[in-house]
Amino acid sequence: MKIETQSCVITGKQQVSVAQQQVEWNGKGTLVRITRGGICGSDLHYYQEGKVGSYEVKMPMILGHEVIGFVVESDDPRLKPEQKVAVNPSKPCGECKYCRREQENQCVSMRFFGSAMYVPHVDGGFTQYKVVDSAQCIPFPQDADESVMVFAEPLAVCIHATHQAGDLTGKHVFISGVGPIGCLIAAAAKARGAASIVCSDISERSLAMAQQMGATDVIHAANGDFTPYLADKGYFDVSFEASGHPSSLQRCLDVTCAKGTLVQVGMGGAIPSFPIMQLIAKEINLVGSFRFTHEFNTAVEWLAQGVVKPLPLFSGAYGWQDIDAALQFAGDKTRAAKVQLTF
Ligand SMILES: [Zn+2]
Ligand SMILES: [Zn+2]
């Protein structure tokens, strides 16, 4: 079966267009009618700079990795036509040593939606029809709010980040940088039983969002008084760096208590001089956090059940024809948090 599909394609810096393409379903996997997608930081990097880190757009690539839709056809009996699904954008090989250890996010040949890491690039989900592995389709209730369910992928990233910190029950948590990811970490930390969640940012608007998403207190990153959090080698058991700025990492090191854990989530460049002595002397556990594994299913569950309510982060929806305008709006951090596309 061959189907025409309209896709949002990037060909280079500031170059996106809508292209008519064809998809073919040959009885294997699941053909999904994509209905909605969220624009993520990496989509914006591809648009604004033509690359994410060192991965440059070298050929036309469909953008997007945060998508939901409904089943058209499937080889999996649990996926009936019309069943609504969140699409897990990761497709690990299932065979490498990391896949065998259930660390699929570290798969050595991961095929992740909308990524220019490999040549040819892996197409994303900003298209009307897409064939995916049936295991990538996570069903959700028909009556769930789609503008909520499309948060499954970024929420999965954030649940994974909290898992990197271990048990959060009764812990004092600090989050530096509360864009959509920092805010969803706050929500996930709350769901996992944190006793207090203090969020910091230079934007008042972001701090207000964090308060709606579960922060118990907020503090301005530039004008706030951090002295209460510096006593006794630091106040917080766990801190999350979610901005990618060197000064933010320094702040996290300052306010994390000795023996505490610091999770690096924000993607940043090199740090000119890393405060190694502080890390050593306070015996801080510094851990990275990248994408997610089984947390995608947890995210779908939590959103469907209302454990996490992400709508304070939702800034507006555009039709797929307006991909250019949607990306420009999403790139304006003074006005937009999470922008969605409908297909
Ligand atoms: Zn994302
Ligand atoms: Zn693998």
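The values are calculated or read from the model by the stated rules, or taken from the named source; none is laboratory data. Computed from a predicted model, the values in this text were never measured in an experiment. Cβ placement follows ideal geometry from the backbone for every residue including glycine, while neighbour counts extend to all protein chains displayed. We work out accessible area using only protein heavy atoms, side chains counted, and drop any ligands, DNA or RNA first. Shrake-Rupley method; radii C 1.70, N 1.55, O 1.52, S 1.80 Å.
The single condition from (1) within 16 Å of ligand 2 (Cβ to nearest atom); (2) of a type in the set (Lys, Arg); (3) touching a strand residue (DSSP E or B) at 6+ places or on another chain (Cβ under 9 Å) that residue 101 fails is (3). Whenever a residue of the stretch 105-122 is outside the structural domain of residue 135 (by TED's automatic domain parsing), it has no partner that is within 16 Å of ligand 1 (Cβ to nearest atom) and assigned to a loop (DSSP other than H, G, I, E, B) lying with C-beta atoms less than 9 angstrom away and at least six residues away or across chains. The strands (runs of 3 or more DSSP E) found entirely in the stretch 1-113 that carry 1 or more residues being under 26 Å from residue 158 (Cα atoms) and open to solvent by 30 Å² or more (accessible area, probe 1.4 Å) are 30-38, 66-74, 84-87. Residues that are within 20 Å of the chain's Cα centre (by Cα), open to solvent by less than 10 Å² (accessible area, probe 1.4 Å) and free of Cβ contacts under 8 Å to residues at least 40 places away in the same chain occur in the stretch 198-206; there is at least one.
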